[in-house]
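S.K.: This is the structure, below, for whatever I ask next.
The values are calculated or read from the model by the stated rules, or taken from the named source; none is laboratory data. Bear in mind that the values here come from a model prediction, so they are computed numbers and not experimental data. Cβ sites come from the backbone with ideal geometry, for glycine too, and all protein chains shown count toward neighbours. What goes into the accessible areas is simple: the full protein's heavy atoms, side chains included, and nothing from ligands, DNA or RNA. Shrake-Rupley method; radii C 1.70, N 1.55, O 1.52, S 1.80 Å.
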Amino acid sequence: MLKTNFVIKVFAVVICMCSLSAIAQTQKRIKTIIVDAGHGGKDFGAHGGYEGGLNSYEKNVTLEISNKLVAELRKQLPDVKIVPTRTTDIYQSPPEKANIANENHGDLFLCIHADAVNLKTGRRQIGTHQETRYHVKYKGKGRRRQKISTPYTVTVPTYEYYKIGSQRNGTSIWLFAAHKTSEKLKAVMNNEDIQIESGIDSAYNTIDFDSPEGRIKAKIYADRYQKKSIKLATLVDEEIDKTDRPALGLNQRQVGIWVLQATNMPAILIETGFITNHDDERYINSEKGQQELAECITRAVKKYKEEIDHTSAAAVAKAAENNEPAEKYTDRAKNVLKRIDLTQSDFKVDLYDDGDIDGDIVSVYYNGKNILSNKKLTEKPLSLNLSADPDKTENELVIYAENEGSIAPNTALMIVTEGNTRTEVRITADAKKNGVVLFTKK
C-alpha cells in the first residue's frame with residue numbers, strides 16, 4: 001500500500017478506480033477456495049448461555065461445520081484446491097486469516113459463523129425467606145435527639161434469574177459493505193439486538209468509511225468483487241431456502257467485517273444459525289444439521305464455479321479465434337500509468353517495493369516477452385537494461401502482480417534512467433489489472 005501523503009494516496013486510488021470502471025474484466029477460473037472457521041482458541045465467539053441451552057460456543061460449531069464443508073467441497077470439486085484456515089481449535093487473528101487466503105491466491109472466501117442476539121434476563125419466584133427490617137423513630141429534641149430502631153421479621157419472595165433464549169432463527173449471508181445497514185434483518189428480528197461478529201473479530205474493523213480514502217477503498221472493492229460476492233451469496237441463500245431452514249437473505253453491516261474487507265477475492269460470511277435459539281443451537285450442533293449446511297453451501301459453490309468457468313472458457317475461445325497471445329498477463333486489464341518519451345534507445349528500469357516491504361511478487365513483460373518471473377520486490381532494486389524497438393511506435397512494459405502481498409494492492413516504485421534523466425513511476429497492480437508503462441522513442 002502506498003505510504004506517501006494523503007493526497008497522493010487518494011489520487012493513486014482514484015486512478016485505479018477509474019481504470020476498473022472503464023475496462024471490462026475477464027472472469028478467472030475457480031482454482032482455489034478458502035474455508036474459514038470463525039473464531040477459535042482464546043476467541044470463543046458467541047455463546048448459547050441461555051436457560052435450557054446446550055451451553056455451546058461458536059468456535060466449536062464453526063469448526064465442525066467448516067471441516068464438513070471442506071470434505072464436501074473436496075469430494076464434489078476434486079479439481080479445486082480447498083484451503084481451510086484452521087482444522088483444530090487454535091486462535092488466528094482476523095489479519096492472519098486474511099493473509100492465509102491472500103497468500104494461497106484464493107478465488108473464493110467462505111467464512112463460517114454462528115449468529116447470536118443479546119439475551120434478555122428473566123426472573124421467577126422459587127420460594128420465600130425471612131428478612132429483618134426495622135421500625136425507626138426518634139426520641140427527644142436537639143442534641144438529645146436519639147434514633148431508636150426496632151427490628152421485626154417479614155416473609156419475602158426468593159427469586160432466581162436466568163437468560164431467556166432468543167426467538168429468531170435461520171441462516172443469513174453477510175457481505176462487505178461501507179455504507180449500508182441491514183434494515184431488512186432488523187425488521188425480521190423483531191427488534192432483537194443482533195451480535196454478529198461479537199468478540200475479538202470486531203476489534204479489527206478499522207476502515208473509516210466516513211473518510212474520503214475509506215469511501216474510495218470501499219468503491220474499489222465493490223468494483224472488483226462485490227457483484228461476484230452477491231452472486232455467490234444469492235446462490236447460497238437459494239440453497240438454504242430449499243431446506244426447512246428460514247433463509248434470511250443477504251445483509252450488510254455498517255462497521256464492516258475484517259475478513260471480508262481484507263481478502264482479495266469474492267468473499268461471503270455465512271451465519272449458519274442462532275446459537276442463542278433453542279432449535280437453531282441444536283441444529284448447528286447436530287451431525288445432520290452440519291452436513292446439510294455443508295451440502296447446501298457446496299451446491300451453491302458448484303453452480304457459481306460452473307458459471308464462472310463457462311464465462312472464462314468463452315473468453316479464452318474468443319481470444320484464440322482472434323489469434324491473441326496466450327501469456328497469462330493478457331487475461332487482465334491494462335492500467336496505463338505513464339507514457340515516457342525516450343531520446344535514446346537504451347534505458348534502465350529499477351523496481352522496488354513501494355512503501356511497506358510486504359512480500360509483493362511480480363513478473364515483468366516487455367513488448368510481449370517475459371523478462372522477469374516471480375520476483376519479490378524489496379528495498380533493493382530489480383534492475384533491467386532495456387532497448388526501444390525501432391520498429392514499434394510504443395514499447396510496452398507490463399507489471400503483472402503474482403500476489404498482492406500482506407497489504408493490498410501490489411505496489412512498486414519504478415525508476416527509469418535514460419542518460420542523465422531520471423523518472424519515477426508508482427505502479428499499482430492486482431488480480432484484475434496490470435500496471436503498464438509505455439515508452440516512445442522520439
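S.K.: When you go through (1) within 26 Å of the chain's Cα centre (by Cα); (2) modelled with pLDDT of 90 or more one by one for L337, which number turns out not to apply?
M.R.: So the condition that L337 fails would be (1).
S.K.: Then there's this: Restrict the check to the stretch 9-32 and report whether at least one residue is of a type in the set (A, V, I, L, M, F, W, C) and modelled with pLDDT of 95 or more.
M.R.: For the stretch 9-32, residues of a type in the set (A, V, I, L, M, F, W, C) and modelled with pLDDT of 95 or more: absent.
S.K.: Out of curiosity, is Q291 modelled with pLDDT of 95 or more, surrounded by fewer than 20 Cβ atoms within 10 Å (Cβ to Cβ) and closer than 27 Å to S93 by Cα? Please lay out each step first, then the result.
M.R.: Numbers: modelled with pLDDT of 95 or more: yes; surrounded by fewer than 20 Cβ atoms within 10 Å (Cβ to Cβ): yes; closer than 27 Å to S93 by Cα: yes.
In short, yes.
S.K.: Can you name the residue in the stretch 340-354 that is open to solvent by less than 50 Å² (accessible area, probe 1.4 Å) and among the charged types (D, E, K, R) and is also modelled with the highest pLDDT among such residues?
M.R.: Here the answer is D350.
S.K.: Right, another one. Residue under question is R86, and the condition is that it be crowded, with 21+ Cβ neighbours inside 10 Å, in contact with a helix residue (DSSP H, G or I) (Cβ under 9 Å, 6 or more places away or on another chain) and either at pLDDT 50 or above or under 27 Å from T428 (Cβ atoms) (or both); does it hold?
M.R.: For R86, the condition - crowded, with 21+ Cβ neighbours inside 10 Å, in contact with a helix residue (DSSP H, G or I) (Cβ under 9 Å, 6 or more places away or on another chain) and either at pLDDT 50 or above or under 27 Å from T428 (Cβ atoms) (or both) - is met.
S.K.: Please verify whether T411 is open to solvent by 10 Å² or more (accessible area, probe 1.4 Å) and either farther than 24 Å from A333 by Cα or modelled with pLDDT under 95 (or both), treating the condition exactly as stated.
M.R.: no
S.K.: If you check V83, V61, V70, which single one turns out to be touching a residue at least 24 places away in the same chain (Cβ under 8 Å) and in a strand (DSSP E or B)?
M.R.: V83
S.K.: E197: open to solvent by less than 80 Å² (accessible area, probe 1.4 Å), of a type in the set (D, E, K, R) and either at pLDDT below 65 or part of a loop (DSSP other than H, G, I, E, B) (or both), yes or no?
M.R.: Taking the combined requirement at face value, the residue satisfies it.
S.K.: Same structure again: Give me a count of the residues in the stretch 256-309 that are among the small types (G, A, S) and under 26 Å from R224 (Cα atoms).
M.R.: Counting residues in the stretch 256-309 that are among the small types (G, A, S) and under 26 Å from R224 (Cα atoms) gives 4.
S.K.: Among the residues in the stretch 261-279, are any part of a helix (DSSP H, G or I) and open to solvent by less than 10 Å² (accessible area, probe 1.4 Å)?
M.R.: no
S.K.: So I357 fits all but one of (1) in contact with a Ser or Thr (Cβ under 8 Å, 6 or more places away or on another chain); (2) modelled with pLDDT of 90 or more; what number is the exception?
M.R.: (2)
S.K.: For residues that are at pLDDT 70 or above, over 15 Å from the mean Cα position of the chain (by Cα) and surrounded by fewer than 20 Cβ atoms within 10 Å (Cβ to Cβ), tally how many sit in the stretch 213-239.
M.R.: Adding up the residues that qualify gives 3.
S.K.: Going by the structure shown, is T121 assigned to a strand (DSSP E or B), over 27 Å from E292 (Cα atoms) and touching a Pro at 6+ places or on another chain (Cβ under 7 Å)?
M.R.: no
S.K.: Name the single residue, out of those in the stretch 360-377 being open to solvent by less than 40 Å² (accessible area, probe 1.4 Å) and on the phi < 0 side of the Ramachandran plot, that is modelled with the lowest pLDDT.
M.R.: D360
S.K.: Only one of (1) among the small types (G, A, S); (2) within 34 Å of the chain's Cα centre (by Cα); (3) open to solvent by less than 60 Å² (accessible area, probe 1.4 Å) fails for S406. Which number is that?
M.R.: Single failed check for S406: (3).
S.K.: Going residue by residue through the stretch 35-44, is there one that turns out to be of a type in the set (A, V, I, L, M, F, W, C), at pLDDT 95 or above, surrounded by 15 or more Cβ atoms within 10 Å (Cβ to Cβ) and not in a loop (DSSP other than H, G, I, E, B)?
M.R.: yes
S.K.: Of the residues in the stretch 351-391, how many are in a strand (DSSP E or B), over 21 Å from T423 (Cβ atoms) and in contact (Cβ under 8 Å) with a residue 40 or more places away in the chain?
M.R.: The number of residues fulfilling the criteria is 2.
S.K.: Something else about it: From the set of residues in the stretch 142-177 that are of a type in the set (S, T, N, Q) and touching a helix residue (DSSP H, G or I) at 6+ places or on another chain (Cβ under 6 Å), which is nearest to V236 (Cα to Cα)? Write out each step before concluding.
M.R.: Restricting attention to the stretch 142-177, the residues satisfying the condition of being of a type in the set (S, T, N, Q) are 146, 149-150, 153, 155, 158, 166-167, 169, 171-172.
So of that shortlist, the ones also touching a helix residue (DSSP H, G or I) at 6+ places or on another chain (Cβ under 6 Å) come out as 169, 171.
Values: N169: 17, T171: 10 Å.
Among those residues, the one meeting the criterion is T171.
S.K.: Six or more apart or on different chains, Cβ atoms under 8 Å: show the pairs whose first residue is in the stretch 30-48 and within 13 Å of M265 (Cα to Cα) and whose second is of a type in the set (S, T, Y) and not in a loop (DSSP other than H, G, I, E, B).
M.R.: Listed by first residue and then by second, the contacts come to I30/Y304; V35/S66.
S.K.: Here's another thing I want to ask about it. Restricting attention to the stretch 409-432, which residues are of a type outside the set (A, V, I, L, M) and within 32 Å of the chain's Cα centre (by Cα)?
M.R.: P409, N410, T411, R426, T428, D430, K432
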